[in-house]
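> Quick one: the structure is below, and I'll ask about it shortly.
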Amino acid sequence: MAVERVVGAARLGSGEVVRVTVGDTPVCVARTVDGRLFAIRDTCSHRNVSLSQGRLRGAAIVCPLHEAVFDLATGRPTRRPATEPVPTYHVTEDGDDLLITLAAQPDSARRPDVGVPGDRTLLAKIRDCWPLAIISRRTGKRQIGQRL
């Protein structure tokens with residue numbers, strides 16, 4: 001578990017996002033409006049787009065392509081179309097530098113069980129195939145073969 005120093009990156013202002021490269025790994029570093037600092041892999045799990053090109057929404061980042069939303073603390077998607085989490089990294093400040101530990105945080109490796117919090121549909125996970133059907137919360141009808 002190596003700690004990498006990113007020189008000058010701690011100058012990141014409140015509500016700003018920046019892309020840094022640590023070794024061969026692209027990392028999205030974000031400082032929320034309330035001053036909290038987060039580091040997450042800078043690649044959307046849905047279409048491999050740079051998350052640092054997106055915008056902050058509280059303690060989450062919105063992907064610029066299809067507006068998937070990822071929790072910065074856990075890497076879990078909270079809005080579709082993304083369903084896979086992205087790795088998060090431990091980050092601390094040391095003067096004007098950031099220290100980023102590239103070992104993924106334990107929470108970021110877990111896949112959401114069923115659906116995505118805040119989504120309007122409930123995904124039915126059948127025989128570990130994902131997803132085979134969509135069940136509308138509004139109508140209760142099962143829709144098979146719908147594009148997500």
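Quick grid of which residues meet (1) buried (at least 19 other Cβ atoms within 10 Å of the Cβ); (2) modelled with pLDDT of 55 or more; (3) outside the structural domain of Ala10 (by TED's automatic domain parsing); (4) under 28 Å from Ala2 (Cβ atoms):
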{"site": "Leu37", "(1), (2), (3), (4)": "no, yes, no, yes"}
{"site": "Arg41", "(1), (2), (3), (4)": "yes, yes, no, yes"}
{"site": "Val69", "(1), (2), (3), (4)": "yes, yes, no, no"}
{"site": "Arg76", "(1), (2), (3), (4)": "yes, yes, no, yes"}
{"site": "Val91", "(1), (2), (3), (4)": "yes, yes, no, yes"}
{"site": "Leu123", "(1), (2), (3), (4)": "yes, no, yes, no"}
{"site": "Cys129", "(1), (2), (3), (4)": "no, no, yes, no"}
{"site": "Thr139", "(1), (2), (3), (4)": "no, yes, yes, no"}
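> Restricting attention to region 43-59, report how many residues are surrounded by fewer than 15 Cβ atoms within 10 Å (Cβ to Cβ) and touching a residue at least 40 places away in the same chain (Cβ under 8 Å).
Result for region 43-59: 0.
> Can you say whether Arg76 is without any contact (Cβ under 8 Å) to a residue 60 or more places away in the chain, among the basic types (Lys, Arg) and in contact with a helix residue (DSSP H, G or I) (Cβ under 9 Å, 6 or more places away or on another chain), as far as the supplied structure shows?
Taking the combined requirement at face value, the residue satisfies it.
> Name the single residue that is surrounded by the most Cβ atoms within 10 Å (Cβ to Cβ) among those in region 1-35 being assigned to a strand (DSSP E or B) and over 19 Å from the mean Cα position of the chain (by Cα).
If we take residues in region 1-35 being assigned to a strand (DSSP E or B) and over 19 Å from the mean Cα position of the chain (by Cα), then Val6 is surrounded by the most Cβ atoms within 10 Å (Cβ to Cβ).
The values are calculated or read from the model by the stated rules, or taken from the named source; none is laboratory data. Note that the coordinates shown come from a computational prediction; the quantities given were computed from them, not determined experimentally. Every residue, glycine among them, receives a Cβ derived from its backbone with ideal geometry; neighbour counts consider all protein chains shown.
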